[in-house]
């Protein structure tokens, strides 16, 4: 048995190194290598190489003592723990599901394994989906007929062809329970003051209760189909007037809708266990929204936390990560969840652009270090056009499926996300991790089984030798320029 294990440890990195471009290489798993208290397993993805979540070897801690100022270190302290980890995942939208079922059966199975198997893939543990249509739908739709405020005609038939089967298949493919949260982009047009699901507009006050009932109908319909719902956001991007499905709420309006209608209705209908997530928009206004919501004790009776995206929150080229930290400091009892992000302006000539992955790694490290409990990518899969999208808002996904040829393309973001999702499991707790040089970013978690996963990212041009230093012991490692690595011990 030991001989087989050692052969695997030697062969697997070689297979990953020889994998052709745009084809998913073999991904090593923790079970494939032995572990003792002294052994450290390292996995790496790096530019200008074929390393993609590749196992790079076993290492050992050695006595280190006080490091010198000239030594570069990443310090990890598993005795200092912070927020509990919920999961990492993505959204199964209409576009993702339609693309999925246009692929050959063997490619569909590959997608499921790639995302939801911790052994064969990157082990996603969280899902999101859209209630009513969104831009990543082939057209606008709702679940009721025109002017049916009583919701007597409510039916989730629009979801039955693609979306529900894919969600069900994902839940069956996952190793453990796969929490799902739902998000609306717009109420039906006749409920809004602009009589249009697109271009913003507001929910008319006379339909507040009918719209609250709508969430209940949708949740219960999904659960009747065998699809449990973990949570919901009140409104996707409530301060954006978009050319696609959108609806505007001020902070006060969203608060009042929750405390006066949605929250009491969920409780009355036996759905008080559902996690209600507010905001679901960018980091730029997140503190103003949190301050307005959570200063009202009634909000805390119903809300689980606050969600955020990464769009339109740049200041001098630096994302506004500190805004997330301010919310966590001011309202530590409320959960922070990253609910959406993707690379926009799709161009198939940029499938290999390294920045696609680095944008994910940078955000995930900063968001987790600032108190975030979970992280949800946008579309889990898109086609060769970056869609389908009924308003032409084409974007990147970690995986693209060519519906004409059946080919799957893995962008760098898939591997960068995998350096977190594959090794950090639900129930983990973040630990104190800090690098001694600015070219390195790092975070870490201790899993429920006691294993520790530290993620180190280098987005600079500097090839960096460093020590992972833990309680007076250290292991010597190298972080290549433009790389990300996960160290498990």
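The values are calculated or read from the model by the stated rules, or taken from the named source; none is laboratory data. No experiment lies behind these values; they were computed from the predicted model shown. Cβ coordinates were reconstructed from backbone atoms using ideal geometry, including for glycine residues, and neighbour counts include every protein chain displayed.
What strands (runs of 3 or more DSSP E) completely inside the range 31-137 contain at least 1 residues that are under 28 Å from residue 275 (Cα atoms) and in contact (Cβ under 8 Å) with a residue 12 or more places away in the chain?
73-84, 87-91, 126-131
Going by the structure shown, is residue 397 part of a loop (DSSP other than H, G, I, E, B) and at pLDDT 95 or above?
Criteria met by residue 397.
Tell me, please, whether a residue that is under 30 Å from residue 54 (Cβ atoms) and assigned by TED's automatic domain parsing to the domain that holds residue 273 can be found in the range 151-167.
Looking for residues that are under 30 Å from residue 54 (Cβ atoms) and assigned by TED's automatic domain parsing to the domain that holds residue 273, one finds at least one in the range 151-167, hence yes.
Got a sec? Which of 390, 309 is surrounded by 21 or more Cβ atoms within 10 Å (Cβ to Cβ), modelled with pLDDT of 95 or more and at negative phi?
309
The rows are residues; the columns are (1) at pLDDT below 95; (2) in contact with a strand residue (DSSP E or B) (Cβ under 9 Å, 6 or more places away or on another chain); (3) over 21 Å from residue 132 (Cα atoms).
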{"position": "235", "(1), (2), (3)": "no, yes, no"}
{"position": "260", "(1), (2), (3)": "no, no, yes"}
{"position": "272", "(1), (2), (3)": "no, no, yes"}
{"position": "283", "(1), (2), (3)": "no, yes, yes"}
{"position": "290", "(1), (2), (3)": "no, yes, yes"}
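Residue 357 versus (1) closer than 29 Å to residue 400 by Cβ; (2) surrounded by fewer than 16 Cβ atoms within 10 Å (Cβ to Cβ): which is the lone unmet condition?
(2)
Might you check whether a residue that is in contact (Cβ under 8 Å) with a residue 60 or more places away in the chain, out of contact with any strand residue (DSSP E or B) (no Cβ under 7 Å at 6 or more places or on another chain) and in the same structural domain as residue 107 (by TED's automatic domain parsing) occurs anywhere in the range 173-183?
Looking for residues that are in contact (Cβ under 8 Å) with a residue 60 or more places away in the chain, out of contact with any strand residue (DSSP E or B) (no Cβ under 7 Å at 6 or more places or on another chain) and in the same structural domain as residue 107 (by TED's automatic domain parsing), one finds at least one in the range 173-183, hence yes.
Kindly provide the set of residues from the range 236-272 that are under 25 Å from the mean Cα position of the chain (by Cα), farther than 18 Å from residue 296 by Cβ and not in a loop (DSSP other than H, G, I, E, B), ordered by number.
245
So is residue 458 within 25 Å of residue 380 (Cβ to Cβ), in contact (Cβ under 8 Å) with a residue 12 or more places away in the chain, out of contact with any helix residue (DSSP H, G or I) (no Cβ under 9 Å at 6 or more places or on another chain) and outside the structural domain of residue 318 (by TED's automatic domain parsing) or not?
no
Among the numbered conditions (1) assigned to a loop (DSSP other than H, G, I, E, B); (2) touching a strand residue (DSSP E or B) at 6+ places or on another chain (Cβ under 9 Å), tell me where residue 226 comes up short.
The number of the failed condition is (2).
Which of (1) over 19 Å from residue 485 (Cβ atoms); (2) in contact with a strand residue (DSSP E or B) (Cβ under 9 Å, 6 or more places away or on another chain); (3) surrounded by fewer than 21 Cβ atoms within 10 Å (Cβ to Cβ) is the odd one out, the single condition residue 437 does not satisfy?
Status for residue 437: all satisfied but (1).
Looking at this structure, is residue 346 without any contact (Cβ under 8 Å) to a residue 60 or more places away in the chain and touching a helix residue (DSSP H, G or I) at 6+ places or on another chain (Cβ under 6 Å)?
So residue 346 does not fit the description; no.
Assess whether residue 208 counts as being part of a loop (DSSP other than H, G, I, E, B), touching a helix residue (DSSP H, G or I) at 6+ places or on another chain (Cβ under 7 Å) and closer than 25 Å to residue 274 by Cα.
When the stated conditions are applied, residue 208 does not pass them.
(1) under 24 Å from residue 183 (Cα atoms); (2) in contact with a helix residue (DSSP H, G or I) (Cβ under 9 Å, 6 or more places away or on another chain); (3) at pLDDT 95 or above: which one isn't true of residue 335, the others all being true?
(2)
Assuming residue 197 fulfils every condition listed in (1) touching a helix residue (DSSP H, G or I) at 6+ places or on another chain (Cβ under 7 Å); (2) under 20 Å from residue 147 (Cβ atoms); (3) without any contact (Cβ under 8 Å) to a residue 60 or more places away in the chain apart from one, which condition is it?
(3)
Within the range 366-392, count every residue that is assigned to a loop (DSSP other than H, G, I, E, B) and within 20 Å of the chain's Cα centre (by Cα).
Residues meeting the conditions: 6.
Among the residues of the range 237-291, which ones are at positive phi and free of Cβ contacts under 8 Å to residues at least 40 places away in the same chain?
270 - this is the single residue of the range 237-291 that is at positive phi and free of Cβ contacts under 8 Å to residues at least 40 places away in the same chain.
Mind listing whichever residues of the range 141-196 are within 20 Å of residue 240 (Cα to Cα) and outside any loop (DSSP other than H, G, I, E, B)?
Result: 182, 183, 184, 189, 190, 191, 192.
Could we say that residue 362 is under 26 Å from residue 75 (Cα atoms), in contact (Cβ under 8 Å) with a residue 24 or more places away in the chain, out of contact with any helix residue (DSSP H, G or I) (no Cβ under 7 Å at 6 or more places or on another chain) and not in a loop (DSSP other than H, G, I, E, B) here?
yes
For the range 175-191, give me the residue count where each residue is in contact with a helix residue (DSSP H, G or I) (Cβ under 9 Å, 6 or more places away or on another chain), surrounded by fewer than 22 Cβ atoms within 10 Å (Cβ to Cβ) and farther than 16 Å from residue 223 by Cβ.
Adding up the residues that qualify gives 2.
Please state which one of 4, 72 is at pLDDT below 95 and out of contact with any helix residue (DSSP H, G or I) (no Cβ under 9 Å at 6 or more places or on another chain).
Just a single option satisfies the conditions, and that option is 4.
Taking residue 403, is it in contact with a helix residue (DSSP H, G or I) (Cβ under 8 Å, 6 or more places away or on another chain), in contact (Cβ under 8 Å) with a residue 24 or more places away in the chain and buried (at least 20 other Cβ atoms within 10 Å of the Cβ)?
No.
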